[in-house]
1. Can you work out which of the residues in segment 94-110 that are out of contact with any strand residue (DSSP E or B) (no Cβ under 8 Å at 6 or more places or on another chain) and closer than 23 Å to residue 156 by Cβ is surrounded by the fewest Cβ atoms within 10 Å (Cβ to Cβ)?
2. Return the pair list, or none, for Cβ contacts closer than 6 Å from residues in segment 45-71 that are at positive phi and touching a residue at least 40 places away in the same chain (Cβ under 8 Å) to residues that are surrounded by fewer than 23 Cβ atoms within 10 Å (Cβ to Cβ) and in a strand (DSSP E or B), at least 6 apart or on different chains.
3. Considering only residues that are part of a loop (DSSP other than H, G, I, E, B) and either of a type in the set (Ser, Thr, Tyr) or under 17 Å from the mean Cα position of the chain (by Cα) (or both), look in segment 102-124 and name the one that is nearest to residue 60 (Cα to Cα).
4. Name the residues in segment 107-118 that are in contact (Cβ under 8 Å) with a residue 40 or more places away in the chain and within 14 Å of residue 42 (Cα to Cα), would you?
5. Residue 104 versus (1) of a type in the set (Ser, Thr, Tyr); (2) under 16 Å from residue 138 (Cβ atoms); (3) free of Cβ contacts under 8 Å to residues at least 40 places away in the same chain: which is the lone unmet condition?
6. Does segment 56-70 contain any residue that is farther than 28 Å from residue 123 by Cβ and either more than 12 Å from the chain's Cα centre (by Cα) or at pLDDT 90 or above (or both)?
7. Any chance segment 142-149 includes a residue that's more than 15 Å from the chain's Cα centre (by Cα), crowded, with 17+ Cβ neighbours inside 10 Å, modelled with pLDDT of 95 or more and farther than 27 Å from residue 11 by Cβ?
8. Quick check, is residue 70 buried (at least 20 other Cβ atoms within 10 Å of the Cβ) and among the aromatic types (Phe, Trp, Tyr)?
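The values are calculated or read from the model by the stated rules, or taken from the named source; none is laboratory data. Bear in mind the structure is a predicted one, so any value in this text is a computation, not a measurement. Glycine gets a Cβ as well: all are built from the backbone with ideal geometry, and neighbour counts include every protein chain shown.
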Amino acid sequence: MAQSNFERMLELANEVFDVKNDPSQLSVDGKVMKRLQKLHPATMSEYDDGKGPVVWILVIPTSLDLMNRFLNNKITEQEILDLTRPDTSYEAIYLCSAMVLEEYRGKGIAKKLTIGAIESIRKKHPIKNLVVWPFSKEGDALADSIAKAVGLPLLKK
């Protein structure tokens with residue numbers, strides 16, 4: 001029996017990020033998803049082709065101070081979420097992850113979803129920077145393209 005899109009997305013996440021072997025990364029579970037939603041409803045986005053998810057996007061709005069601490073290896077990705085308060089003004093958005101099933105890559109879906117999330121967050125927060133920790137050349141290129149499209153400087157870990 002063929003894997004569902006959901007199963008394939010989970011497999012892709014494990015292949016790319018290997019969070020089980022890197023405790024500094026954010027391991028997304030129900031508790032993390034609730035925390036993200038408290039920060040802003042646009043933190044998680046997905047595109048479903050009618051047979052299940054084929055694109056997952058995760059962004060974390062936070063402070064410039066926390067982003068600088070992350071970039072300088074003073075805090076982990078998990079600590080960005082742990083230390084970001086839901087009742088504050090955000091100045092940065094961490095482009096945490098973009099996962100796309102292979103047959104949907106290069107179609108602009110991840111870019112469109114991420115730009116939508118950024119625009120939604122910017123309606124209420126004075127975002128000054130985007131931050132990324134690229135795990136692939138494709139992710140790095142996507143982050144550059146998004147930063148250019150939304151007119152924000154991009155800081156890279």
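1. 106
2. none
3. 108
4. 110, 113, 114, 116, 117, 118
5. (3)
6. Scanning segment 56-70 turns up no residue that is farther than 28 Å from residue 123 by Cβ and either more than 12 Å from the chain's Cα centre (by Cα) or at pLDDT 90 or above (or both).
7. no
8. Against the criterion (buried (at least 20 other Cβ atoms within 10 Å of the Cβ) and among the aromatic types (Phe, Trp, Tyr)), residue 70 qualifies.
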